[in-house]
Amino acid sequence: MSEQIQDIHLRNRMQRKQWQNFLVDRGIEVFADQEIDVIDDTIGLFDEDGQLVGTGSIAGDVIKYIAVCNKGAEAGSRFNTVVSELVSRLAQQGVFHIMVFTKPQYTTSFEHVGFTKLADSDQGVLLEKGDPNIQKYLAAIPKKDAGEKIAGIVMNANPFTLGHRYLVETAAKENDWVYVFVVNQDASLFKTEERVALVEAGTKDLENVIVVNGGSYMVSYATFPAYFISSPDAVVDYQTTLDARLFKHWIAEDLHIQTRYLGSEPYSHTTDLYNQALQRELPPEVAVKIIPRKELGSGDAISATSVRQALSDGDINKIENRVPITTYHFIVSHQEELEARIQKGNKNGD
């Protein structure tokens, strides 16, 4: 009897315990809800004695929790079997582009099965495989002359506020062209297509602004899988370092972006750490310019968080002076739907 792939059902207490014990034995000890709840599918490779010798999971277009026991097997064979099965299952679902976040020591193993490294740090590595890849993503973005002053901004815009507008306006005045990348993350209160549309509508009068869906490559630090890192501080460093290095070596280099604009962060400690990491990682190739948050009054910085809180409280009057008229009209016309989403807990990200 040869080794076999079987489904592992994480809601089954016995199967989950066996799975977790196997991973813990191989140095993976993080099973936080934000890591587990997004898993769509988990498989196990079992040997002739019914022992678990390999596992892997799928979360959207990301494969994670990859681990194998190589004892009694040809080096790399079980890893290849697990990854091939996950890739096959994603293909059956119509998913042909796959991302992997993993420990640095597994980089070569993934490269041997067709993955390309996009960025790395001491804590983790980001790789991709399939189509469309980062080259196709970049090819679809309008290019500007390298001799012009070109800036970039990455935002969640959940939703697009007058604070976001002020940041874009400032960059537009100081540069020939500004790329505004909107993070592709439907875990936010406002869906990706809604956020992109609101940014486009809210900057329509700025002729030198180009709004771009961030796709798989403007990854919010809140969405990076970190199942293989135990320390919370190390998680933040890993996420922000990978994000910054991917932006610098792929996005900024291809689009001739010389300056990355950031809004100051008076409220979120994590976002402030993210800004610090960008200042550390992007220069000298990409300058970093931090713009103070636009305020309604002393100490009242405009933020998407405050807009979502007002919406959650049912106090639309507090929103009107914090967002462009285009965002305000959208919120008013979709108020019931947005309130229903809030009840389900979808409100992450500024």
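Roughly how many percent of the accessible protein surface of the chain is carbon and sulfur, given a 1.4 Å probe and a whole-percent answer?
Of all accessible area on the chain, carbon and sulfur atoms account for 47 percent.
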*Kirkwood Rh (inverse of mean 1/r, distinct Cα pairs), segment 125-238, angstrom*: 15.6
*Quick one: check the C-alpha center-to-center distance for segment 114-162 versus segment 164-206, whole angstrom.*
15
*With each run of n ≥ 4 DSSP H residues scored as -39500 (n - 2.57), what mean residue ellipticity at 222 nm is computed for the chain after dividing by its residue count and rounding to the nearest 500 deg cm²/dmol?*
-10500 deg cm²/dmol
*Within segment 262-282, find all residues whose amide N lies under 18 Å from a label point positioned 7 Å from the Cα of residue 312 along Cα-to-beta-carbon.*
266-271
*In debye to the nearest 20, how big a dipole does the chain give about its Cα centre with +1 on each Lys and Arg Cβ and -1 on each Asp and Glu Cβ?*
200
*asked:* Of 208, 4, 58, which is farthest towards the positive pole of the chain's charge dipole, taken about the Cα centre with +1 and -1 on the beta-carbons of Lys, Arg and Asp, Glu respectively?
replied: 208
*For segment 200-350, list log₁₀ I(q)/I(0) at each q in 0.08, 0.13, 0.20, 0.22 Å⁻¹, using the Debye formula over Cα point scatterers of equal strength and ignoring solvent, two decimals each.*
-0.29, -0.77, -1.41, -1.44
_Long-range HN-HN contacts of residue 53 with modeled amide H, under 5 Å_ = 45, 46, 47
_Rounded to the nearest 20 debye, dipole of segment 200-350 from Cβ charges on Lys, Arg, Asp, Glu_ = 100
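Which whole number in µm²/s is D for segment 76-116 by Stokes-Einstein, with the Kirkwood Rh taken over Cα pairs at 10 °C and 1.306 mPa s?
So the translational diffusion coefficient is about 147 µm²/s.
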*Quick one: of the DSSP bridges fully inside the chain, what percent are antiparallel, nearest 5?*
55
_Low-density loop cleavage sites - GluC sites (Glu not before Pro) in segment 136-182, where at most 12 other Cβ are within 10 Å (DSSP)_ = 148
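Could you calculate the contour length gain from residue 320 to residue 333, that is, 0.36 nm times the residue separation minus the distance between their Cα atoms, to one decimal place in nm?
Taking residue 320 through residue 333 to full extension adds about 3.4 nm, to one decimal.
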*Expressed as an acute angle from 0 to 90° and rounded to the nearest 10, what is the orientation of the C-alpha long axis of helix 192-202 relative to the principal long axis of the chain?*
20
*If each of residue 146 and residue 71 carries a label point 7 Å out from its Cα toward its Cβ, how far apart are those two points in nm?*
5.5
*Working from the alpha-carbon coordinates of segment 1-44, get Rg over Rh, Rh being the Kirkwood radius.*
0.99
*Selection from 262, 291, 180 lying farthest towards where the dipole of the chain points positive, charges on Cβ*: 291
*Enumerate the calculated ³J(HN,Hα) couplings along segment 284-293 in order (Karplus 6.51 cos²θ - 1.76 cosθ + 1.60, θ = phi - 60°), each rounded to whole Hz, writing x wherever the residue is Gly or Pro.*
x, 4, 10, 6, 10, 10, 9, 9, x, 4
*Label points 7 Å out from Cα along the Cβ direction at residue 133 and residue 174: separation in nm?*
3.6
*On a C-alpha basis, how far is the centre of segment 39-103 from the centre of segment 266-301 in Å? Whole number, if you could?*
39
_For a 28 Å ceiling on Cα separation, which of these pairs sit above it: 17/103; 143/204; 149/191; 64/191?_
149/191
*segment 221-329: GluC sites (Glu not before Pro) in DSSP loop, at most 12 other beta carbons within 10 Å*: 285
*Please give the contour-minus-distance gain from residue 16 to residue 287: 0.36 nm per residue of separation, less the Cα-Cα distance, rounded to one decimal in nm.*
92.9 nm
*What list of ³J(HN,Hα) couplings, whole Hz, do you get for segment 29-44 from phi and the Karplus terms 6.51, -1.76, 1.60, once you set θ to phi - 60° and write x for glycine and proline?*
10, 9, 10, 5, 4, 5, 8, 7, 5, 8, 5, 9, 7, 10, 10, x
_Order by protection proxy (mean Cβ within 10 Å, highest first), peptides 150-160, 334-344_ = 150-160, 334-344
_Rg(Cα)/(2.2 N^0.38 Å) for the chain, N = residue count_ = 1.07
*How much FRET efficiency would the formula 1/(1 + (r/R0)^6) give for residue 340 and residue 80, where r is the Cβ-Cβ distance and R0 is 56 Å, rounded to 0.05?*
0.80
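The values are calculated or read from the model by the stated rules, or taken from the named source; none is laboratory data. In this text the structure is predicted, and so the values were computed from the model without any measurement. Positions of Cβ are generated from backbone atoms using ideal geometry, with glycine treated the same way; all protein chains shown enter the neighbour counts. In case anyone asks, the SASA skips ligands and DNA or RNA and just uses the protein heavy atoms, side chains included. Shrake-Rupley method; radii C 1.70, N 1.55, O 1.52, S 1.80 Å.
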